[in-house]
Amino acid sequence: MSNERYKSTIAFTDLLFNILVGFAFLFIIAFLLIKPEAKKKDFDRRAEFVVIMEWDYEAVGDIDLYVQDPTGAQCSFRMNVANYMHLDKDDLGSSNDSVVNADGTISTVKINREVVTIRGIIQGEYIVNAHYYSEREWVKRMDEVNNNVENVGKRSKEVSVKIELHKVNPYTVLWAGEKKFFKKGQEETFLRFRLDNDGTVLPPFTFEEKKFISPMGTTNIAPSTSQSFEGQ
């Protein structure tokens, strides 16, 4: 009588199963031993402090931000890069808030803001001023010519100007203040602050007035590695 029907493959199946389990275990161990790639920082911080000036979004008046560093260099529309200071944009008030799109339509973003970024530390005192450069009377006249009922008679020379000092790392708003501007040529010192070699703000903040703009509308700027551009 043949014994073929009594033969079993259970032992062979167990062997294959054990081999499979062994490979799976080795794979898990190898995966756990793989050293994860160190996470790269999202970006290099390129600023130490930021000075932000904003004024009435409907105002046609052109307000200019000035920041003077301890060397006497001034960052403004007249010199948009001065030492470690950079002006992002010369905002002209509501007169440059609109753009003509490719399809001929007009888009308007009502933001009046200038920002100076301080990207490195120079020990000493920084002075933050604002200057009422222009009232943009021609914008008011255009309202009348175009019969812009919404704006005719509503525009005012009085402008509320707010300035904030932000520290980037760690982020915090160090100071904020607001002043009223009433006429072309008005200049106000908002803030004076001092930094040590490590970029620590040395209290107290001070507010003694210092004028940058002469009655002739000119300013003295200390020599620095800077660029200038026509802004007004």
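What follows is calculated from the coordinates using simple rules that are stated; it is not laboratory data. Every value quoted in this text rests on a predicted model; they were computed, and no experiment measured them. So basically every Cβ, Gly included, is an ideal-geometry build from the backbone, and we count neighbours across all protein chains shown.
Could you work out the local net charge near LEU195, counting Lys and Arg as +1, Asp and Glu as -1, over the other residues with Cβ closer than 9 Å to its Cβ? Net of charged neighbours comes to -3.
Taken one residue at a time, the phi angles of segment 184-197 give Karplus couplings (6.51, -1.76, 1.60, θ = phi - 60°) of 4, x, 5, 10, 9, 8, 8, 7, 10, 9, 10, 10, 8, 5 Hz. Gly and Pro are set to x. Between SER95 and GLU178, the FRET efficiency from the beta-carbon distance, with R0 = 22 Å, is close to 0.45. The amide H of PHE190, built 1.01 Å from its N in the peptide plane, has VAL128, ASN129, ALA130 as neighbours under 5 Å, considering only residues 5 or more places off or on other chains. For the peptides 118-130, 180-192, 17-29, 54-66, the ranking by mean Cβ contacts within 10 Å, running from highest to lowest, is 54-66, 118-130, 180-192, 17-29.
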